[in-house]
Structure formats: structure tokens, C-alpha cells
Ligand code: FCA
């Protein structure tokens with residue numbers, strides 16, 4: 001009786017071993033990747049991750065969507081992905097200076113990494129060019145913002161000398177600096193007076209931090225009747241617009257132009273009455289999510305390394321054309 005039990009146990013043991021060997025084999029053939037974003041609740045990132053999942057469904061591999069709102073969260077997300085057998089991840093990091101630490105962890109695990117939107121910088125603050133990146137062309141898209149604002153000022157017949165600019169800045173993030181610098185450049189080229197540009201440095205890249213940054217600037221320069229607003233993204237421009245409303249300014253006295261073209265802008269354009277949010281330069285978050293996911297997949301499965309740096313472009317979206325632009329960009 002005892003012998004039989006031992007034998008049965010042994011037989012069961014080898015069956016389990018065989019079964020687990022089988023699953024290791026399967027895991028080796030199966031591709032699984034992570035898609036980690038700094039702000040999982042923001043419409044831009046929701047859409048990007050959704051697009052990534054769809055690519056996985058089409059090609060037949062798994063995409064694990066994760067949030068990484070600070071360094072600790074990102075490192076645990078990477079550990080978690082490794083434990084699940086993932087071979088790599090796409091990431092928009094919460095702080096670009098985490099690049100070396102993130103790469104260190106990924107290299108320990110032999111995982112491949114592609115950055116999206118916000119490119120890693122090394123300890124000297126230079127872009128980490130060894131990590132394939134896809135993001136918007138910050139300067140060009142920023143210029144489009146400046147040009148759109150200048151054009152709308154002309155439509156409204158504003159005298160630039162009497163207009164104040166609320167420039168919501170984020171100096172920690174290189175793409176943000178490129179975007180607001182590009183907009184400033186285009187405004188100056190259109191004759192906007194440099195002395196009328198006032199900075200509102202934000203701590204983050206969302207509406208709440210932009211609102212807090214904007215309010216004191218509006219009250220400090222409350223003599224201006226007309227305001228233009230720009231920032232790294234539409235969420236932040238919306239924070240500025242909300243601050244002008246709280247300050248009692250009318251929609252026709254405010255021209256805010258954002259960047260992204262995500263659900264935040266669609267909700268604003270869908271309101272019955274126009275607000276100070278005039279428009280946004282829309283970029284395809286669908287394409288950003290799809291392309292980076294596909295690139296990483298091919299790198300893992302076909303050993304085809306992605307391009308070092310891909311720059312994407314944008315289209316101005318306003319209350320008048322947003323539905324057409326949305327459809328054209330697959331949003
Ligand atoms: C940055 C911004 C996002 C989006 C993205 C492309 O990460 O914070 O809102 O503009 O670049």
C-alpha cells in the first residue's frame with residue numbers, strides 16, 4: 001500500500017514536471033510585452049494603451065497595460081512583467097531622468113525597451129539615443145500652436161500690444177520645452193511682443209497643476225483684457241482656460257490652443273457654447289500606441305531593431321473640424 005502510494009506520488013510528480021516543462025516551452029514561443037504609461041487616467045494614454053492591445057490581438061501576442069506614476073511604480077511594473085514572462089516593454093516614463101535606472105533593470109532581465117512620447121535622458125541630461133524612441137516633433141508642433149494662435153488673434157482683430165500670453169511651462173520635460181519654445185518662436189515671428197509673455201511653471205502635465213500655476217499669473221497681470229494660452233498639452237491649456245473662467249474672463253477674450261487631440265479636447269468641443277479653448281494640434285495617439293507596440297514585437301520576434309527616433313506630426317483641430325480630424329487620425 002505504502003509502495004503504491006509512493007509510486008503514485010512519483011508518477012504524479014513527473015506528470016506535473018512534464019506539464020510545467022510544456023508551459024515553459026509555450027512561454028518561450030509566446031510573446032508578451034508591457035505598455036507602461038505615466039498617467040494611465042489621461043485620455044491620450046488610455047487611447048495609446050488601447051491601440052497597443054489591439055495590435056496584440058491582431059498579431060496574436062499579449063499586451064499588459066500598466067501605470068507607472070513614479071520611479072518606484074515603474075520598477076515594480078518591470079519586476080511584475082518579468083515575473084509574467086514578458087520579453088520587453090514600451091514606456092512613457094513619469095520622469096525622463098529615470099532612463100538609466102529603468103534601462104539597468106530591463107538589462108538585468110534581458111528585456112527590450114522602446115520609449116514613447118517622453119524620451120529618456122542620461123545623467124548629463126542628453127537624450128538616451130540607444131533606446132528606440134517614437135514621439136511628436138515638439139518644435140514643429142509647438143510652432144503650429146503659435147501660428148494657430150496668431151491667426152485667431154487676427155480673426156478677432158486683437159492688437160498684440162494689448163494681449164498677454166500665459167505660457168504654462170514644464171522645464172523638467174524636454175519635449176515640453178520644445179513645444180512651448182516652438183509656440184513662442186512662431187508668436188514672436190508673427191509680431192507678438194516678448195514682454196507680454198508670462199510664465200506659469202507647472203509641477204506636472206495635467207489640468208490641476210496647470211490651473212494652480214495659471215491662477216497667480218492671471219491675478220498678477222489682471223489689467224490685460226485679452227489672453228492667449230499655450231502649454232505642452234491640451235490638458236494643461238484647459239487648466240489655464242478654467243483659471244481664466246474662474247477669474248471672470250469671457251470666452252471671446254481668451255484663445256487657448258493645446259496639443260494632443262484626445263478625449264479632453266473632444267469633451268470641450270462638444271459643449272453647447274464655445275469656451276476659451278480655441279483648438280488643439282492633434283497627433284494620433286492611436287498611431288503612437290500601434291507603431292511602438294508593433295516595433296517592439298518585431299524586435300522580439302524577428303530581431304528587427306526599431307528605428308532610433310521617429311518624429312510624428314500634427315493637424316490643427318478646432319470646434320469646426322474636430323470630428324473630421326478625429327476620424328482622419330483614427331482616434
Ligand atoms: C507628453 C504629454 C502628454 C502627451 C505626450 C505625447 O507625455 O505629457 O500629454 O502630449 O507627451
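Within region 244-255, does at least one residue satisfy the condition of being closer than 20 Å to residue 321 by Cα, outside any helix (DSSP H, G or I) and in contact with a helix residue (DSSP H, G or I) (Cβ under 7 Å, 6 or more places away or on another chain)?
Restricting attention to region 244-255, the residues satisfying the condition of being closer than 20 Å to residue 321 by Cα are 251-252, 254-255.
With the extra rule that they be outside any helix (DSSP H, G or I), the set shrinks to 254-255.
Among the residues that remain, those that are also in contact with a helix residue (DSSP H, G or I) (Cβ under 7 Å, 6 or more places away or on another chain) are: 254-255.
Within region 244-255 (the criterion being closer than 20 Å to residue 321 by Cα, outside any helix (DSSP H, G or I) and in contact with a helix residue (DSSP H, G or I) (Cβ under 7 Å, 6 or more places away or on another chain)), the answer is yes, since at least one residue qualifies.
Let's see how each residue does on (1) surrounded by fewer than 19 Cβ atoms within 10 Å (Cβ to Cβ); (2) more than 13 Å from residue 53 (Cα to Cα); (3) within 15 Å of the ligand (Cβ to nearest atom):
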residue: 283; (1), (2), (3): no, yes, yes
residue: 298; (1), (2), (3): yes, yes, no
residue: 301; (1), (2), (3): yes, yes, no
residue: 304; (1), (2), (3): yes, yes, no
residue: 307; (1), (2), (3): yes, yes, no
residue: 315; (1), (2), (3): yes, yes, yes
residue: 322; (1), (2), (3): no, yes, no
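Which residues, counting only those in region 216-242, are away from the ligand (no atom under 16 Å from the Cβ), touching a residue at least 40 places away in the same chain (Cβ under 8 Å) and under 23 Å from the mean Cα position of the chain (by Cα)?
The answer is none; no residue qualifies.
Is it the case, given these coordinates, that residue 309 is free of Cβ contacts under 8 Å to residues at least 12 places away in the same chain, within 24 Å of residue 183 (Cα to Cα) and out of contact with any helix residue (DSSP H, G or I) (no Cβ under 8 Å at 6 or more places or on another chain)? Show your work before the answer.
On the way: free of Cβ contacts under 8 Å to residues at least 12 places away in the same chain: no; within 24 Å of residue 183 (Cα to Cα): yes; out of contact with any helix residue (DSSP H, G or I) (no Cβ under 8 Å at 6 or more places or on another chain): yes.
Criteria not met by residue 309.
Being out of contact with any strand residue (DSSP E or B) (no Cβ under 6 Å at 6 or more places or on another chain) and outside any helix (DSSP H, G or I) is the filter here, so list the residues in region 199-227 that pass it.
The answer is 203, 204, 205, 206, 222, 223, 225.
Restricting the search to region 132-149, which residues are surrounded by fewer than 21 Cβ atoms within 10 Å (Cβ to Cβ) and over 20 Å from the mean Cα position of the chain (by Cα)? Don't jump to the end; show me each part of the working.
Within region 132-149, the first condition is being surrounded by fewer than 21 Cβ atoms within 10 Å (Cβ to Cβ), and the residues that meet it are 137, 139-140, 147.
Once the filter is applied, which keeps residues that are surrounded by fewer than 21 Cβ atoms within 10 Å (Cβ to Cβ) and over 20 Å from the mean Cα position of the chain (by Cα), region 132-149 yields only 147.
In region 267-281, which residues are assigned to a helix (DSSP H, G or I) and crowded, with 17+ Cβ neighbours inside 10 Å?
The initial filter retains those residues of region 267-281 that are assigned to a helix (DSSP H, G or I), namely 267-269.
Scanning region 267-281 gives 268, 269.
State all residues of region 179-197 that are over 14 Å from residue 159 (Cα atoms) and outside any helix (DSSP H, G or I); if no residue qualifies, say none.
Answer for region 179-197, where residues must be over 14 Å from residue 159 (Cα atoms) and outside any helix (DSSP H, G or I): just 197.
Each value in this text was obtained by applying a stated rule to the coordinates, not by laboratory testing. Since we're looking at a predicted model, the values are computed, not measured. Backbone-built Cβ (ideal geometry, glycine too); neighbour counts: all protein chains shown.
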